[in-house]
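S.K.: Submitted below is the structure of interest, expressed as structure tokens.
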Amino acid sequence: MSGTYPGVPAFPEAAAEATRDSTLRGNLRHATHTIRDKRARAVAELADWPRLRATAAAIKDRTLRHLDHYLVQTEAAVTAAGGSVHWAADAAEANRIVTRLVRATGETEVLKVKSMTTQEIGLNEALARAGITACETDLAELIVQLGEDLPSHILVPAIHRNRAEIRDVFRARMADWGRPAPDGLGDGPAELAEAARLHLREKFLRAKVAISGANFMVAETGTLVVVESEGNGRMCLTLPETLISVVGIEKVVPTWRDLAVFLQLLPRSSTAERMNPYTSMWTGTRAGTDDGARAGTADGNDDGPRAFHLVLLDNGRTDTLADTVGRQALRCIRCSACLNVCPVYERAGGHAYGSPYPGPIGAILTPQLRGTESVLDASLPFASSLCGACYEVCPVAIDIPEVLVHLRERVAEGGIVTRGGKKTVIRPARGHAAERAAMRAARWTLDHPAALRTAQRVASRTRRLHPRRLPGPGRAWTETRALPEVPAESFRDWWARTRGRGSPE
């Protein structure tokens, strides 16, 4: 990935600061509880939800096992439909490709459909360095951009803002980006939405270049799919002459029949709707181009780009695929259901994760895409209570707690990982020496019954001398937890006293 959010410390420090912000916590609590309650009702409408979930996981796993085949098939289908396919090994290469494509059009302003992938690679910043302005058109992304802020949620990037804060952002910054906010703008939802609509309408009508991601790619036809709720995506995908889509290689699905499964799961898990208000699909370029490419829109009209470029992004995904436990993170369809049930995210917010991917999925995806070399990335697998709520709501059955424990072991113990397609031995992260020593001591003690009995008796007989807080490295653990009281006698001693001298076994 392109790097962490500037200035973000390790998760514990960032979360400690965030939890002291009562306004932030109130905004998060209200939003996440509302979304997850609506989602639960929408999911309950489908009696076969567990089977859909299992089917989606199986489709993703099968696709990932044969990813090379389906990507080549996608490239061939997109090319046959008049599009151009570009392969990007990492964020820097993807940014260079997109910058070059935009420069070739002669334009200095582009419109953007909401895209986690372009956030991941830092595309807006890369374009700005090249003198190109990227304008977000999703309402929440627009709020974040105007406020010089960072997204804090996968589905609702401005979830940390309330209506009064959004009104103030619109009043202060809209004029810097185009049409100013209406005089006397209030904080009613309808007023704020109308101000954004008027501001964006002018951009839609004059834009020549748009940049998108994609929720899915259908390999058999080279069709890309974007689902959204506002219509801004439809405007960006049909009006500009050039469309550039930056898509992670894991977004491919083999067939339209497979796509049908995900179009049932994604809306209910994300926006709690039976289907998204806008589901846009395009294949290649519009009809009537010089090269005779076939129509690019589902209804067969003359909308759609004259030039279409698909940038297939790796950026750590192939390395993640090599991890037999961690690869299940690549099933993710970016619904954000795991964020809305996570007690850690609800209190800490998305910025504390230092990544475009916050919450439980970010805690397992970011350290695999970026590695665990930085202090922040090494802390993310520990940003969880392991309660398992994220796994229960995941529509593609990603066992996030399993991957978290797997990555914690990698951070604490080091070992062999894949980096850049090559096996690499990484050292344990700093700060875990005491933990490793304690685990080694515990393993030795548990392997020697006599030593275990002695340790238990010593602990019982000295229990009145035990501190309430651990010293040294253990202090961080007992700052938020009470040490359990040691019983007056061990289970073995109790058994010997009450049942005779025999062993419990």
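S.K.: Distances over 20 Å make up what percent of all Cα-Cα pairs in segment 1-63?
M.R.: Every Cα pair in segment 1-63 considered, those over 20 Å come to 61 percent.
S.K.: Report for the chain the percent antiparallel among DSSP-assigned beta bridges with both residues inside it, nearest 5.
M.R.: Around 35 percent antiparallel, to the nearest 5.
S.K.: As an exercise, use a Förster radius of 35 Å and the Cβ-Cβ distance of LEU483 and SER22 to find the FRET efficiency, rounded to the nearest 0.05.
M.R.: 0.75
S.K.: Over the chain, with the other protein chains present, what is the accessible area per residue in square angstrom, probe 1.4 angstrom?
M.R.: For the chain, the per-residue accessible area is 47 Å².
S.K.: Per-residue HN-Hα couplings for segment 13-23, Karplus 6.51 cos²θ - 1.76 cosθ + 1.60 at θ = phi - 60°, whole Hz, x for Gly and Pro?
M.R.: With coefficients 6.51, -1.76 and 1.60, one gets 5, 5, 5, 4, 5, 5, 5, 7, 8, 5, 5 Hz.
S.K.: Here is a follow-up. Give the range of the longest stretch in the chain that excludes all trypsin sites (Lys or Arg not before Pro) found in loop regions by DSSP and having at most 12 other beta-carbon atoms within 10 Å.
M.R.: 21-273
S.K.: Now for a different question. Which percent of the accessible heavy-atom area of the chain goes to carbon and sulfur, probe 1.4 angstrom?
M.R.: Reported share for carbon and sulfur atoms: 53 percent.
S.K.: Let me ask something additional. To the nearest 10 square angstrom, what accessible area does GLU230 show with a 1.4 Å probe?
M.R.: 90
S.K.: Follow-up. Just the isolated ones, please: cysteines in the chain lacking another cysteine beta carbon under 4.7 angstrom.
M.R.: Singleton cysteines: CYS135, CYS236, CYS332, CYS335, CYS342, CYS387, CYS394.
S.K.: With a ≥ b ≥ c taken as the square roots of the eigenvalues of the C-alpha gyration tensor of segment 1-147, please select rounded if a/c is under 1.5 and otherwise prolate if a/b is larger than b/c or oblate if it is not?
M.R.: Note, shape of segment 1-147 comes out oblate.
S.K.: Could you tell me whether segment 304-367 comes out rounded, prolate or oblate from its Cα gyration tensor? Rule is a ≥ b ≥ c as square roots of the eigenvalues, rounded for a/c under 1.5, then prolate if a/b exceeds b/c, otherwise oblate.
M.R.: oblate
S.K.: Residue separation times 0.36 nm, minus the C-alpha to C-alpha distance between ARG427 and TRP494: what's the value?
M.R.: 19.7 nm
S.K.: Viscosity 1.306 mPa s, temperature 10 °C: Stokes-Einstein D of the chain from its Kirkwood Cα radius, in µm² per second?
M.R.: It diffuses with D of about 64 µm²/s by this estimate.
S.K.: Between SER460 and ARG197, what's the calculated FRET efficiency when r is the beta-carbon distance and R0 is 51 Å? Round to 0.05.
M.R.: With R0 = 51 Å, the Cβ-Cβ based efficiency is 0.15.
S.K.: Per DSSP H run of n ≥ 4, the term is -39500 (n - 2.57); total these for the chain, divide by its residue number, and report the mean residue ellipticity at 222 nm rounded to 500 deg cm²/dmol.
M.R.: Using -39500 (n - 2.57) per qualifying helix, the result is -14500 deg cm²/dmol.
S.K.: Another question, if that's okay. Given +1 on the Cβ of Lys and Arg, -1 on the Cβ of Asp and Glu, and no further charges, what dipole in debye does the chain carry about its Cα centre, rounded to the nearest 20?
M.R.: I would put it at about 2280 debye.
The values are calculated or read from the model by the stated rules, or taken from the named source; none is laboratory data. If you're wondering where the values come from, they're calculated on a predicted model, not measured in any experiment. Neighbour counts run over all protein chains shown; Cβ positions are idealised from the backbone, glycine included. Areas reflect the complete protein model, heavy atoms only, side chains present, ligands, DNA and RNA absent. Shrake-Rupley method; radii C 1.70, N 1.55, O 1.52, S 1.80 Å.
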